[in-house]
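Report on the following structure.
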Amino acid sequence: MQSTTPQPKPQNLTINIGEINTLKIERDTDYGYFLEAKDESEVLLPNVYVMEDEMPMGSLLDVFVYTDSEDRPVATTKMPYAKLGEYGYFTVVDYKSYGAFVNWGLPKDLFVPLSQQKEYFTIGKKYLLRVCLDEQTGRLYGTQKIGKYFNRVMKGLHPNKVLEVIVLAKTPLGYKVIADNQYEGMLFDNEIFEPIKIGDRKQTYIKTVRKDGKLDLSLQPIGKQVLQGETQRVVMAKLEEAGGKLPFTYKSDADAIQKQFGMSKKNFKRTLTELLAQEAIVLLEDAIAQVK
């Protein structure tokens, strides 16, 4: 029988700022552990993150590397809300004449230069940003100017391929999203049956790969047969969670159906008909019940 034990990650060849690095615990100092890549470059893991019982000398450790207030590379076992090349919805915590600082989950806030803002930022407000690297200084920064980073090459993309997205903005047609940290996509209002807002992360399905290098996406699988199977699983799972009975019928309110099952009333009614035909449920006067 083939072993299913996960293989450990290999040690990084070099130390990469803005990414998760797998490094060797090389030596202990008064300031913390020094971690080493294969090219013998080192970075400090400060004492605040050191747990001696769980970090023996010579072992490999996954850490995120960024730069401290003096622009020196430093490692942390904490993970930011977004890494290099990824997008996040960050809260502004400070503002200066030369730029803003946003909370991205690490002790040192992420800097957003004035030149990378499309509008003046407001303390306490959230903005969707991409984490970038200044190659000259080695500093990470955030940018609101993301258009140039979209990938317009659609190779390997096809209908029903699953992509993780972050919601970018509301438009008259629906919501603009960033898919797989690289593609520009759209979710249309008439196909959204669950709460959604800017900054949300969702699992989506490709509906159409457009010739202009953008994607039309859906929160539900594409295709009648696939969609039917998915909605049936949702209803049966909700019944299971509720102990086998729920106060819903063909006449239930559309908003209540959307809130409970995340689907339109039309899809819900069709799904009830399918499940009744399969004898998976029974219809009561004011409820549906799972057949045991």
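Which members of the range 170-202 meet the condition of being out of contact with any Leu (no Cβ under 8 Å at 6 or more places or on another chain) and on the phi < 0 side of the Ramachandran plot? Talk me through it step by step, then tell me what you get.
Here is the first cut: in the range 170-202, the ones out of contact with any Leu (no Cβ under 8 Å at 6 or more places or on another chain) are 170-173, 181-182, 190, 195, 197, 200-201.
Residues satisfying the conditions are Lys170, Thr171, Pro172, Leu173, Gln182, Asn190, Pro195, Lys197, Asp200, Arg201.
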Inset, instruction - Can you give me the ranges of the strands (runs of 3 or more DSSP E) entirely in the range 173-224 with at least 3 residues that are β-branched (Val, Ile, Thr) and touching a helix residue (DSSP H, G or I) at 6+ places or on another chain (Cβ under 7 Å)? - result: none
Legend entry - Test: residue in the range 123-137 that is outside the structural domain of Val102 (by TED's automatic domain parsing), out of contact with any strand residue (DSSP E or B) (no Cβ under 7 Å at 6 or more places or on another chain) and free of Cβ contacts under 8 Å to residues at least 12 places away in the same chain: no
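Looking at the range 14-112, what strands (runs of 3 or more DSSP E) fall wholly within it and have at least 1 residues that are more than 28 Å from the chain's Cα centre (by Cα)? Give the steps one after another, and end with the answer.
Values: elements: 20-29, 32-36, 42-46, 60-67, 73-76, 87-96, 99-103.
Where strands (runs of 3 or more DSSP E) fall fully within the range 14-112 and carry at least 1 residues being more than 28 Å from the chain's Cα centre (by Cα), they are 20-29, 32-36, 42-46, 87-96.
Please work out which residue is surrounded by the most Cβ atoms within 10 Å (Cβ to Cβ), limiting yourself to the range 155-167 and to residues that are free of Cβ contacts under 8 Å to residues at least 60 places away in the same chain and among the aliphatic types (A, V, I, L, M). Steps first, please.
Of all residues in the range 155-167, those free of Cβ contacts under 8 Å to residues at least 60 places away in the same chain come to 155-158, 161-165, 167.
Within this subset, residues satisfying the condition of being among the aliphatic types (A, V, I, L, M) are 157, 162-163, 165, 167.
On the way: Leu157: 15, Val162: 10, Leu163: 20, Val165: 24, Val167: 20.
Per the stated criteria, the residue is Val165.
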Legend entry - Output for the range 238-289, where each listed residue is closer than 23 Å to Gln203 by Cα, touching a residue at least 12 places away in the same chain (Cβ under 8 Å) and of a type in the set (Gly, Ala, Ser): Gly262, Ser264
Inset, instruction - Considering every residue within the range 174-182, establish whether at least one is of a type in the set (Asp, Glu) and over 30 Å from Pro46 (Cα atoms). - result: yes
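The values are calculated or read from the model by the stated rules, or taken from the named source; none is laboratory data. The model shown is predicted, which means the values in this text are computed figures rather than measured ones. As a convention, Cβ positions derive from the backbone with ideal geometry for all residues, glycine included, and neighbour counts pool all protein chains shown.
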